[in-house]
Amino acid sequence: MKEGSLTADELVTCLDSGLSGHVRVADVGPLEVCGEPRIGRWLMAHGAGAGSDSAFLVALRERLAEEGVQTLAIEFEYMQRMRRENRRRPPPRVDMLVDELSRWCDIVSRTGAPPVWLGGKSMGGRVASLLAARDGAPGLILCGYPFHPPGKPERTRLDHWPDLRCPTLVLQGTRDPFGRRDEVERYALPTVAHMHYLEDGEHDWKPRKASGRSQSDLIDEAAGRIAAFMSASR
């Protein structure tokens, strides 16, 4: 075990004892634990280009903590390598990320109640949805889901969605280039999927100044909706 890291068993014990802050799990990677699970727990995966310390994810985690949702933010191995080498690199095949998230899920799901939901930002949400479709999950929270690559609406990433069986909440900016509201409303999504649109938000939920709202306003709105959805699904 690396100095300063926990074994998987030690992490589970610490989580059940109220662990918060940054920890490293031996042979797996870093984990950011924020908040207390008064309403629920959410295993959060990051997007393709920014890790768990992105300003967007930090702000969302802090607001969710105020709402009573504990977040467990992971970082995929390729992102850890990017930090070590101080250079950008693309993520690996999505199936490899699914297996990596599955390992985290197996660890944190051994904690006490409440059960751990899956999800994340953009690519991280897609990975979580693939894992939930494959193995099941208590629930899914997907922020800025990449319904299709920007500018390529015909290449949808929805083949696995008919296999989702858990409560699923998608929080999507109405101007998101990965799936605008007018595009998403044409999809035949499964009945377990619930959309919440953040007015004028783009992929990071930043609205235009003319909207009269700020990214912080939309993060606040999303955090409240996430907490309410998780509470109603208990």
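The values are calculated or read from the model by the stated rules, or taken from the named source; none is laboratory data. These figures come from a predicted structure and were not determined experimentally. Cβ placement follows ideal geometry from the backbone for every residue including glycine, while neighbour counts extend to all protein chains displayed. Surface accessibility is based on the protein's heavy atoms, side chains included, excluding ligands, DNA and RNA. Shrake-Rupley method; radii C 1.70, N 1.55, O 1.52, S 1.80 Å.
Considering only the stretch 58-90, state which residues are basic (Lys, Arg) and modelled with pLDDT of 95 or more. Answer for the stretch 58-90, where residues must be basic (Lys, Arg) and modelled with pLDDT of 95 or more: Arg61, Arg63. The residues listed here are Asp9, Asp16, Asp53; of these, the one that is out of contact with any Leu (no Cβ under 8 Å at 6 or more places or on another chain), more than 21 Å from Leu140 (Cβ to Cβ) and touching a residue at least 60 places away in the same chain (Cβ under 8 Å) is Asp16.
For residues that are assigned to a helix (DSSP H, G or I) and touching a residue at least 40 places away in the same chain (Cβ under 8 Å), scanning just the stretch 60-81, find the one that is most open to solvent (accessible area, probe 1.4 Å).
So in the stretch 60-81, the residues assigned to a helix (DSSP H, G or I) come out as 60-67, 77-81.
Next, only the ones that are touching a residue at least 40 places away in the same chain (Cβ under 8 Å) stay: 60, 63-64, 66-67, 77, 80.
Values: Leu60: 1, Arg63: 49, Leu64: 0, Glu66: 124, Glu67: 60, Glu77: 83, Gln80: 19 Å².
Per the criteria, the residue is Glu66.
Out of all the residues in the stretch 11-31, is one or more open to solvent by 30 Å² or more (accessible area, probe 1.4 Å), part of a helix (DSSP H, G or I) and among the charged types (D, E, K, R)? Among the residues of the stretch 11-31, at least one is open to solvent by 30 Å² or more (accessible area, probe 1.4 Å), part of a helix (DSSP H, G or I) and among the charged types (D, E, K, R), which makes the answer yes.
How many residues are within 30 Å of Pro114 (Cα to Cα) and open to solvent by 50 Å² or more (accessible area, probe 1.4 Å) when one looks only at the stretch 182-214? Give the steps one after another, and end with the answer.
Looking only at the stretch 182-214, we keep the residues that are within 30 Å of Pro114 (Cα to Cα), and these are 189-198, 203-205.
Applying the additional criterion that residues be open to solvent by 50 Å² or more (accessible area, probe 1.4 Å) yields 191, 194-195, 204.
So the answer is 4.
Tallying residues that are open to solvent by 70 Å² or more (accessible area, probe 1.4 Å) and modelled with pLDDT under 90 within the stretch 91-113 yields 1.
Is it the case, given these coordinates, that Arg41 is basic (Lys, Arg), farther than 23 Å from Leu131 by Cβ and either buried (at least 18 other Cβ atoms within 10 Å of the Cβ) or at pLDDT below 95 (or both)? No: the conditions fail for Arg41. Residues being within 15 Å of Pro114 (Cβ to Cβ), assigned to a loop (DSSP other than H, G, I, E, B) and touching a Pro at 6+ places or on another chain (Cβ under 6 Å): count how many of those fall in the stretch 32-48. Matching residues across the stretch 32-48 total 1.
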